[in-house]
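*Asks:* Below you will find the structure I want to go over with you.
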Amino acid sequence: MNELLDPGRYQACLRQAAILLRQQSYVDARRILMRLLYAAPDEMNACHLMALVLKGEGETEGALDYFRRAEQASLTGRQPSIRAEILNNKGNMLKNAGRLEEALECYRLALTIVPDFSEALFNQALLQQQMNNHRSALELLDKLISISSDEARFWTARALSRKAMGDVDDARNALEQALRISPGYTNALHMLAVLKRDQGLLDEAEALLEKKLSTDPHAHESRYILASIHHARGDFGQADIEYRRVLSGDPLSLDTHKALNQLYWQTGDVDKVGRSFRWALKQAPERSDLWFAYLGDLARMGDTEKGLSETAKARDSLGETPDVLYFQARFLSLAEDMPRAMPIIQKGLSEKDDHPGLNHMQARLNLAEGRFHEADMALERWRGVEPFNQEMWALQGISWDLAGDRRSQWLNNYDLFVHVADISPPSGFADTADYLSALSEMLENEHQSRREPFDQTLRNGTQTLGRLFNNPHPLIGALKDQVNSIVDAYLATLPGDKAHPYLSRNTGRFRYSHSWSVRLKNSGHHVNHVHPMGWISSAFYIHVPDSISDTGQSHDGWLKFGENDLSGYGKAQGCALHIAPKAGRLVLFPSYFWHGTYPFFDQDRRLSVAFDILPD
């Protein structure tokens, strides 16, 4: 081993190990590094390279030990820039291992040593994005761009955060700048195509995707977006072809499987629903993500018989895990077989007592049987994992109400939290009716499907794809401007209450998380529901049939609040509030409020827009 202590020989071996590391030849790199570390156990470069080898092999704890040794050696050698690089690489490994706070601390330490270290700045920005801290990410990215404005990846990352914060125009500008710097930069091409698709600029989005796919025909994510464009246009045959082309190259693409299910459901090819999932599961029966996505779709379609039989197959492949038990209990509950469902839920909770789905099911079944204390215990466990899940708070409201707990009024204050406002005519229109007529005509062209999605609450109607408020059409922009003003005024009226799950989130700022249009036909309605991941939800009426009265003589077509979805269990609550739909009327309310609509009976359609808001 002594010959390795010769500096020239030692450095040559380090270079060879580094080459093997870049080639991902981890076994050969490890062999060389073990010899070097035997000769010099705490040599900084060898420890650093060994940490990276172990990181590549997925041995996190072993890699951490070598990162620590390399960092200590860098302190002894007084090499701050190298220590910063070690910390940056250590942060990358911790991020990949899901240890996000530890990774963040590594990047911060690296930047205290070398404040303009671009890679650490960029990696910390990406981590902040992963943690949904987009304002913090933007601060880092703006600093990066001030240091080096000719990096396409920095502009592309900036676009991601700007889009997440609802600034679509700035996101588009950032992506166009990235493509000016690097015209073939595929990440920017893909992201710009997605943005334009979401804006309804389908031809422009398709052209960008064709450009990317011409150089990389195996870019499955881009082909998925191309398929979704055909889907949005109503070209269902081509969408089917493109979705299946994605799966031929990437059988594990959950989004594609789910999109195909929706396509077949909405076009009436119900015999094909689930076919792609079953094909993929034959190839990869050990993939729990495939099983749970498939079972989730079956549950949302209400197919209890198929769901139970397929859950049994999932149990054979995956074992009796808490997730498998959750789906078994969910399908039994849908079949109203509560005596069989409850022991399965309890078995799953004995293995994972904070499982959100199992606690959800236990709370519902306990409410159905009048065991409010037990329901509250399940909801408290769920709340510990997902404190702002709106479905959890909706069930809590039922429990408090049925138990006669005064906190029900505190949580569900309909007088304070439901806000009704009528829009004003935008500039350029004689009156509101003139504007709504133009908006109605524009939105009719967006409704291309033949029936409602199976995972939504409307019945006998259609719903638009994508995020409607990203559409740059002036009529949508005019509506969004009106809504912005109404929401700003509404937020300003809400009192403060740090203990309240609704009021405590009010920062005075907001962003739209989703937006869409619904068209209901004769006998159309919404079943009672909540919006699980929202904060504020809404209904804005564009066209209302003449048969829907606003005088209260009939509630046909009206919006109702307070009636839950436990009617099958005999625990339904009566309506607490009715609101008449009226063209030009906007209704705002907490996303956890139970709401639905009564059917209406008219050959004319009811056209509306809805959106969910999150605090910013």
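The values are calculated or read from the model by the stated rules, or taken from the named source; none is laboratory data. None of the values given here were measured: they were computed from a predicted structure. Note that each Cβ is placed from the backbone with ideal geometry, even for glycine, and that neighbours are counted across all protein chains shown. In case anyone asks, the SASA skips ligands and DNA or RNA and just uses the protein heavy atoms, side chains included. Shrake-Rupley method; radii C 1.70, N 1.55, O 1.52, S 1.80 Å.
*Asks:* Ranked from the most accessible area to the least, with a 1.4 Å probe and all protein chains present, what is the order of Asp216, Asp602, Asp481? Intermediate results must be reported in sequence, preceding the final value.
*Replies:* Details: Asp216 60, Asp602 35, Asp481 100 Å².
From most accessible down to least: Asp481, Asp216, Asp602.
*Asks:* So what's the angle, to the nearest 10 degrees on a 0 to 90 scale, between helix 152-164 and the longest Cα principal axis of the chain?
*Replies:* Its long axis makes an angle of about 30 degrees.
*Asks:* What shape does the chain have by the C-alpha gyration tensor, where a ≥ b ≥ c are the square roots of the eigenvalues, rounded means a/c under 1.5, and otherwise prolate means a/b greater than b/c and oblate the rest? All intermediate terms of the calculation are to be shown ahead of the outcome.
*Replies:* Values: a/c = 1.85, a/b = 1.58, b/c = 1.17.
In terms of gyration-tensor shape, prolate.
*Asks:* With the Cα gyration tensor of segment 228-271 giving a ≥ b ≥ c as the square roots of its eigenvalues, does the rule (a/c under 1.5 for rounded; else a/b larger than b/c for prolate; else oblate) give rounded, prolate or oblate? Provide the component values of the computation, followed by the final result.
*Replies:* Numbers: a/c = 1.97, a/b = 1.35, b/c = 1.46.
It is oblate, given that a/c is not under 1.5 and a/b is not larger than b/c.
*Asks:* Taking all protein chains in place and a 1.4 Å probe, what share, in percent, of the accessible surface of the chain do carbon and sulfur account for? The partial results should precede the final answer.
*Replies:* Working: 12920 of 27100 Å².
Using a 1.4 Å probe with all protein chains present, the chain comes out at 48 percent carbon and sulfur.
*Asks:* Per residue, how much accessible surface does segment 419-615 expose to a 1.4 Å probe? Answer in Å², no decimals. It would help to have the intermediate numbers written out before the result.
*Replies:* Values: 7910 Å² over 197 residues.
Each residue of segment 419-615 exposes 40 Å² on average to a 1.4 Å probe.
*Asks:* Give, as a single signed number, the net charge of other residues whose beta carbon lies under 11 Å from the beta carbon of Trp594, with Lys and Arg counted +1 and Asp and Glu -1. Mind showing how you got there, number by number?
*Replies:* Values: positive: Lys560; negative: Glu391, Asp401, Glu563, Asp565.
Neighbour charge sum, excluding Trp594 itself: -3.
*Asks:* Please state the relative contact order of the chain as a whole percent: Cα pairs under 8 Å, 6+ residues apart? It would help to have the intermediate numbers written out before the result.
*Replies:* Numbers: 986 pairs, mean separation 51.3, N = 616.
After rounding, I find 8 percent.
*Asks:* Something else: Can you give me the solvent accessible area of Asp323 with a 1.4 Å probe, rounded to the nearest 10 Å²?
*Replies:* Result for Asp323: roughly 60 Å² accessible.
*Asks:* With a ≥ b ≥ c the root eigenvalues of the C-alpha gyration tensor of segment 1-83, is it rounded (a/c under 1.5), prolate (a/b larger than b/c) or oblate?
*Replies:* Values: a/c = 1.61, a/b = 1.01, b/c = 1.59.
The shape class here is oblate.
*Asks:* In whole Å, how far is the Cα centre of segment 120-141 from that of segment 460-518?
*Replies:* Rounded to whole Å, the Cα centres lie 25 Å apart.
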